[in-house]
Amino acid sequence: MPGVGAVAVGHRRVHHPHKVGGSRLRLRAVAVRTEEPEPSAADEPQHSRGVLRGLAIGAAIALLALLTYGVLTQPADTTIDDAIARGEPVAAPAFELEVLTPPEGAEGAAVEAFAQAAADGRVGLEELRGTPVVLNFWASWCEPCREEAPLLQTAWEGTGGDGVLVLGLDTQDARPDARAFVEEFGLSYPNVREPGGDVSRRFGMTGLPETFFISAEGDVVAHARGAVDAAQLEQGIAAAIAGEPAVLR
């Protein structure tokens, strides 16, 4: 008789593995193949940092989208433009701001007026009464501002600091970035700075850049939205000197 656990095949005996034992072995093999290593304690901080980094990036993108939406959907304030179109000058909103950069390499009545107003490190628009002003709102992160900066510098060099004051107003910007912008473009006309956007809102601005031409009496007589061009600068400066409203073309 064949022994237990063996089956006779002709004159040969073929031994089969014990069923229970074989099943246990197979189960163990399956268990080994399907088990995954648990994360170690050392991996948890790195995983947490990755999650936090992803959340921070997502929040930054959401904030940028919100700010962009707010700028693009802000309705245009046409109060100044409407008055100029009717031939009526508009009193420029008053402000007093810190000096970002003083004028360099120029002399004349406009430079002297700014120097007197900036004696305490701040300049008020009312302190510049008697001097026509080209007031340009800009920021270092504004791409169109980079396009018009050389034109404003040329206009300032053309006046020689005498008669008309080109005044940059840096808004919603970091001071080091703003100064780097001035240095990059070699801007020798003076600039003031507002960290927030209160003055911009009082002028009814909806974006950057914008330029306001202010007469010696302190009235806005011309206004350019977006990057100002050479023809607009010439026309606006003439309007500021004459004190007569002009719609820029």
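The values are calculated or read from the model by the stated rules, or taken from the named source; none is laboratory data. Because the structure is predicted, anything quoted here is derived from the model rather than measured. Don't worry about glycine lacking a Cβ; one is built from the backbone with ideal geometry, like all the others, and counts go over all protein chains shown.
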Q: Would you point out which residue out of 198, 170 is of a type in the set (Asp, Glu) and either within 16 Å of residue 132 (Cβ to Cβ) or under 15 Å from the mean Cα position of the chain (by Cα) (or both)?
A: 170
**Q.** Criterion violated by residue 135 - all others in (1) touching a helix residue (DSSP H, G or I) at 6+ places or on another chain (Cβ under 9 Å); (2) within 25 Å of residue 244 (Cα to Cα); (3) surrounded by fewer than 19 Cβ atoms within 10 Å (Cβ to Cβ) satisfied
**A.** (3)
Q. Regarding residue 106, is this residue more than 29 Å from the chain's Cα centre (by Cα) and of a type in the set (Gly, Ala, Ser)?
A. yes
Q. So how many residues does the stretch 200-211 have that are of a type outside the set (Gly, Ala, Ser) and in contact with a strand residue (DSSP E or B) (Cβ under 7 Å, 6 or more places away or on another chain)?
A. 6
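Quick check, is residue 99 touching a residue at least 12 places away in the same chain (Cβ under 8 Å), assigned to a strand (DSSP E or B) and farther than 21 Å from residue 236 by Cβ?
For residue 99, the condition - touching a residue at least 12 places away in the same chain (Cβ under 8 Å), assigned to a strand (DSSP E or B) and farther than 21 Å from residue 236 by Cβ - is met.
Return the residue satisfying two criteria in turn: it lies in the stretch 145-171 and is among the small types (Gly, Ala, Ser) and in contact (Cβ under 8 Å) with a residue 40 or more places away in the chain, and of such residues it is surrounded by the fewest Cβ atoms within 10 Å (Cβ to Cβ).
Step one: list which residues in the stretch 145-171 are among the small types (Gly, Ala, Ser), which gives 149, 155, 158, 160-161, 163, 168.
Cutting the leftovers down to in contact (Cβ under 8 Å) with a residue 40 or more places away in the chain gives us 155, 160-161, 163, 168.
Working: 155: 21, 160: 13, 161: 24, 163: 15, 168: 28.
My answer is 160.
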Q. Counting only residues that are part of a helix (DSSP H, G or I) and without any contact (Cβ under 8 Å) to a residue 40 or more places away in the chain, which one in the stretch 114-127 is farthest from residue 172 (Cα to Cα)?
A. 116
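Starting from residues that are acidic (Asp, Glu) and surrounded by 14 or more Cβ atoms within 10 Å (Cβ to Cβ), keep the ones in the stretch 172-198 and report whichever is farthest from residue 143 (Cα to Cα).
Step by step, filter the stretch 172-198, then rank; the result is 194.
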Q: Read through the list (1) part of a helix (DSSP H, G or I); (2) more than 17 Å from the chain's Cα centre (by Cα); (3) at pLDDT 95 or above; (4) not hydroxyl-bearing (Ser, Thr, Tyr), then give the number of the only condition that residue 178 fails.
A: (2)
Q: Considering only the stretch 221-249, state which residues are part of a helix (DSSP H, G or I) and surrounded by fewer than 20 Cβ atoms within 10 Å (Cβ to Cβ).
A: 230, 231, 234, 235, 238, 241, 242
Q. Quick check, is residue 173 part of a loop (DSSP other than H, G, I, E, B), within 18 Å of residue 200 (Cα to Cα) and among the acidic types (Asp, Glu)?
A. yes
**Q.** the stretch 101-126 - residue that is in contact with a helix residue (DSSP H, G or I) (Cβ under 6 Å, 6 or more places away or on another chain) and closer than 19 Å to residue 211 by Cα and, of those, surrounded by the fewest Cβ atoms within 10 Å (Cβ to Cβ)
**A.** 101
